[in-house]
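Below: the structure, in structure tokens.
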Amino acid sequence: MISGLVLSTVWFGSCAAGTAGAEGVWTREDGAGSVRIARCGDALCGHIVWLRDAAGPGRMGDRVFYDMKASAADRWSGSAHNPEDGRDYAGTMVLAGDRLVTEGCALGGLVCKTVRFLRRP
């Protein structure tokens, strides 16, 4: 459930514009949880702010995206943490309007998982 929430990440354009566009609360399209994306130093980080299944491996406040830095317009690259297996992965996030598509990869990009988020009003 949270693996997709965690396995994800990419964004940017100009650092200020790209960062601001991704900041906010994002809910997984499947409704399994929500993350808040906010600045952390010169990067973006994402923390779990809501879970449908509070008994799962993810916990409120867990940092699931970190060191996300602009890599192109509305695109960031960094790391993602998966509470289900306790591992960190290379991650990307891409912003398209009110949608954020995240992807986490292992084994040099041979195994990837994509999760889609919708901006929460």
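Derivation of every value follows stated rules applied to the coordinates shown; laboratory data play no part. Just so we're clear, the structure is a prediction, and the values are computed from it rather than from any experiment. Here the Cβ positions follow ideal geometry from the backbone for every residue, glycine too, while neighbour counts run over all protein chains shown.
Please compute, over every Cα-Cα pair in region 74-121, the percentage with a separation greater than 12 angstrom.
Counting every Cα pair in region 74-121, those more than 12 Å apart make up 64 percent.
Take peptides 67-73, 27-33 and line them up by average Cβ neighbours within 10 Å, highest first, as a rough protection proxy.
67-73, 27-33
Please work out how much length the chain gains when fully extended from GLU23 to ALA106, using 0.36 nm per residue of separation minus the C-alpha to C-alpha distance, in nm with one decimal.
Roughly 27.3 nm would be gained on extension.
Picking from ALA80, MET93, PRO57, whose Cα lies most toward the positive end of the charge dipole for region 52-121 (charges on Cβ: Lys, Arg +1; Asp, Glu -1)?
Of the listed residues, the answer is MET93.
Tell me which chymotrypsin sites (Phe, Trp or Tyr not before Pro) from region 27-121 have a DSSP coil assignment and no more than 13 other beta carbons within 10 Å of their own.
When the chymotrypsin sites (Phe, Trp or Tyr not before Pro) of region 27-121 are filtered for loop state and at most 13 Cβ neighbours within 10 Å, nothing remains.
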